[in-house]
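Input: a single structure, listed below in structure tokens.
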Amino acid sequence: FAYHEWIAPPAKMIGSLMEARLQANGLFSAVLTGSLDVRTDLRLDSEVQVLQQDFMDIVSTLNFTIRVNLVEVETRTLLGSETFNYQEPAGENAEAGAEAANRAVNRFLDELSAFLEKGLRTTDRLK
């Protein structure tokens with residue numbers, strides 16, 4: 001592990017993956033990131049709470065927890081809030097940990113789409 005490091009902060013990489021998935025799934029006409037001075041109807045806030053490889057057992061475990069909030073901007077109404085938790089077997093080295101993180105993040109992205117569909121249905125905004 002002394003010779004391995006992330007190519008970018010994990011939250012930033014996960015944010016980029018979220019943006020790509022949301023753009024591809026067609027639920028939204030546009031997906032914007034950052035603090036652009038653009039008027040939007042909805043905002044998705046996310047916070048990576050846990051991303052760690054735990055070596056306390058014989059086979060390590062990757063733990064990933066992320067919280068998301070879907071907010072209607074104009075009314076400041078919380079349309080949905082969810083904390084997603086994942087554990088993946090992660091092997092004995094950094095490469096296996098990275099593969100486990102990829103599996104956990106992909107599971108999250110699948111579940112995020114379902115969460116957003118549900119939130120959009122509550123406001124009749126589903127395409």
Exclusive hit being of a type outside the set (Ser, Thr, Tyr), over 23 Å from Ser113 (Cβ atoms), at pLDDT below 90 and open to solvent by less than 40 Å² (accessible area, probe 1.4 Å), set Gly26, Gly91: Gly91
Residue under evaluation Gly15, criteria (1) open to solvent by 60 Å² or more (accessible area, probe 1.4 Å); (2) modelled with pLDDT of 85 or more, criterion not met: (1)
First in the range 62-75 and under 12 Å from Arg43 (Cα atoms), second anywhere and open to solvent by less than 10 Å² (accessible area, probe 1.4 Å), Cβ under 8 Å, 6 or more apart: Val68/Leu112; Leu70/Leu116; Leu70/Gly119
Boolean, Gly80 is over 19 Å from the mean Cα position of the chain (by Cα) and open to solvent by less than 30 Å² (accessible area, probe 1.4 Å): no
Failed criterion for Arg21 (all others in (1) open to solvent by 50 Å² or more (accessible area, probe 1.4 Å); (2) touching a Gly at 6+ places or on another chain (Cβ under 6 Å) hold): (2)
Residue check, Thr65 touching a Phe, Trp or Tyr at 6+ places or on another chain (Cβ under 9 Å) and of a type in the set (S, T, N, Q): yes
Flag if Ala104 is within 27 Å of Gly119 (Cα to Cα) and modelled with pLDDT of 90 or more: yes
Selection count where residues are of a type in the set (Val, Ile, Thr) and in contact with a Ser or Thr (Cβ under 9 Å, 6 or more places away or on another chain), scope the range 25-64: 3
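Assess whether Thr75 counts as being out of contact with any Phe, Trp or Tyr (no Cβ under 7 Å at 6 or more places or on another chain), surrounded by fewer than 13 Cβ atoms within 10 Å (Cβ to Cβ) and farther than 20 Å from Glu19 by Cβ.
Working: out of contact with any Phe, Trp or Tyr (no Cβ under 7 Å at 6 or more places or on another chain): yes; surrounded by fewer than 13 Cβ atoms within 10 Å (Cβ to Cβ): yes; farther than 20 Å from Glu19 by Cβ: yes.
Yes; evaluated as a whole, the condition is true for this residue.
Being without any contact (Cβ under 8 Å) to a residue 60 or more places away in the chain, β-branched (Val, Ile, Thr) and within 30 Å of Arg39 (Cβ to Cβ): is that true of Thr83 here? Outline the logic, then answer.
Numbers: without any contact (Cβ under 8 Å) to a residue 60 or more places away in the chain: yes; β-branched (Val, Ile, Thr): yes; within 30 Å of Arg39 (Cβ to Cβ): yes.
Yes.
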Only listed residue being open to solvent by less than 80 Å² (accessible area, probe 1.4 Å), closer than 13 Å to Ala104 by Cβ and of a type in the set (Ser, Thr, Tyr), chosen from Thr33, Thr65, Thr40: Thr65
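The values are calculated or read from the model by the stated rules, or taken from the named source; none is laboratory data. Given the structure is predicted, the values throughout are model-derived calculations rather than measurements. No Cβ is skipped: glycine too gets one built from the backbone with ideal geometry, and neighbour counts run over all protein chains shown. For accessibility, only protein heavy atoms count, side chains too; no ligands or nucleic acids. Shrake-Rupley method; radii C 1.70, N 1.55, O 1.52, S 1.80 Å.
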